[in-house]
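The values are calculated or read from the model by the stated rules, or taken from the named source; none is laboratory data. These numbers were taken from a predicted model, which means no experiment stands behind them. When we count neighbours, we look across all protein chains shown, and the Cβ atoms used for this are built from the backbone with ideal geometry, even at glycine. Note: areas computed on protein heavy atoms with side chains; ligands, DNA, RNA excluded. Shrake-Rupley method; radii C 1.70, N 1.55, O 1.52, S 1.80 Å.
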Amino acid sequence: MKVAIVTGAGSGIGLACAEALAAQGCAVLGVGRDPVKLESVHDVVGDLARSEILAQDVTTEDAPERIVGAALARWGRIDFLINNAGVGSPRPLLETDDHQLDEVLALMLKAPFRLARAAIPHMSPGSAVINVSSTYAIVGGLRGGAYSAAKAGLWGLTSHIAVQYGPRGVRANVVAPGLSRTAMTEGR
């Protein structure tokens, strides 16, 4: 059985990823900040032997070790890492202070970097890192600011992972969904 870690798994794109992976027979470790929302991972996987949740802020110092450790303790392997955690209220450059910039970069660029760094040593040939970016990384978008910058950074990170670790069989892909109808984007 293959094992997937999905961040931001409590709702939206992350929950849909968990459901799709489970449909392919994968075990899923769903990671997110809200333990109540994360219970949905158990529902979409439909098999408690193949689902685990971890209420964890991916930006904390010990997050990568806790997340990777949870997957290894439960199933002994990691085949897929889906870096999906994010926030969806982008602001224009001139309306973004340094604190907001740091928060966005920590969640949507630094956390995926650190989590990939912790997971890749445990990944075998045929495994993959998938970074969820955005069309805002490509076209900027009104109000993009720090969000666009962080999501564009995922493209560079993904390219590096592909070039550096692809020869040992660890694939890396970035996906750039457009605006998706989720609870986070409902008001738009």
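Values as computed for the structure displayed
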{"read-out": "Of all residues making up region 123-139, the number that are crowded, with 17+ Cβ neighbours inside 10 Å and assigned to a helix (DSSP H, G or I)", "value": "2"}
{"read-out": "Checklist (1) open to solvent by 40 Å² or more (accessible area, probe 1.4 Å); (2) in a strand (DSSP E or B) applied to residue 91, failing item", "value": "(2)"}
{"read-out": "Hits in region 73-88 (condition: under 27 Å from residue 170 (Cα atoms) and either basic (Lys, Arg) or open to solvent by less than 50 Å² (accessible area, probe 1.4 Å) (or both))", "value": "74, 75, 77, 78, 79, 80, 81, 82, 83, 84, 85, 86"}
{"read-out": "Residues of region 122-149 satisfying the condition of being in contact (Cβ under 8 Å) with a residue 40 or more places away in the chain and hydrophobic (A, V, I, L, M, F, W, C)", "value": "123, 128, 129, 130, 132, 142, 146, 149"}
{"read-out": "Cβ-Cβ under 7 Å pairs, at least 6 apart or on other chains, region 150-172 side at pLDDT 95 or above and open to solvent by 90 Å² or more (accessible area, probe 1.4 Å), far side of a type in the set (A, V, I, L, M, F, W, C) and not in a helix (DSSP H, G or I)", "value": "155/174; 171/128"}
{"read-out": "Filter result (of a type in the set (A, V, I, L, M) and either assigned to a loop (DSSP other than H, G, I, E, B) or exposed (fewer than 11 other Cβ atoms within 10 Å of the Cβ) (or both)) within region 23-53", "value": "36, 48, 49"}
{"read-out": "Lone unmet requirement of (1) in contact (Cβ under 8 Å) with a residue 24 or more places away in the chain; (2) assigned to a helix (DSSP H, G or I); (3) open to solvent by 40 Å² or more (accessible area, probe 1.4 Å) for residue 99", "value": "(1)"}
{"read-out": "Exclusive hit being in contact (Cβ under 8 Å) with a residue 12 or more places away in the chain and not β-branched (Val, Ile, Thr), set 16, 55, 23", "value": "55"}
{"read-out": "Evaluation of residue 18 against (1) open to solvent by 20 Å² or more (accessible area, probe 1.4 Å); (2) among the hydrophobic types (A, V, I, L, M, F, W, C); (3) farther than 14 Å from residue 119 by Cβ (one fails), failing number", "value": "(1)"}
{"read-out": "Any hit, region 42-55, residues being over 19 Å from residue 120 (Cα atoms), in contact with a Lys or Arg (Cβ under 6 Å, 6 or more places away or on another chain) and modelled with pLDDT of 95 or more", "value": "yes"}
{"read-out": "Residue count for region 126-176, restricted to those that are among the charged types (D, E, K, R) and in contact with a strand residue (DSSP E or B) (Cβ under 6 Å, 6 or more places away or on another chain)", "value": "1"}
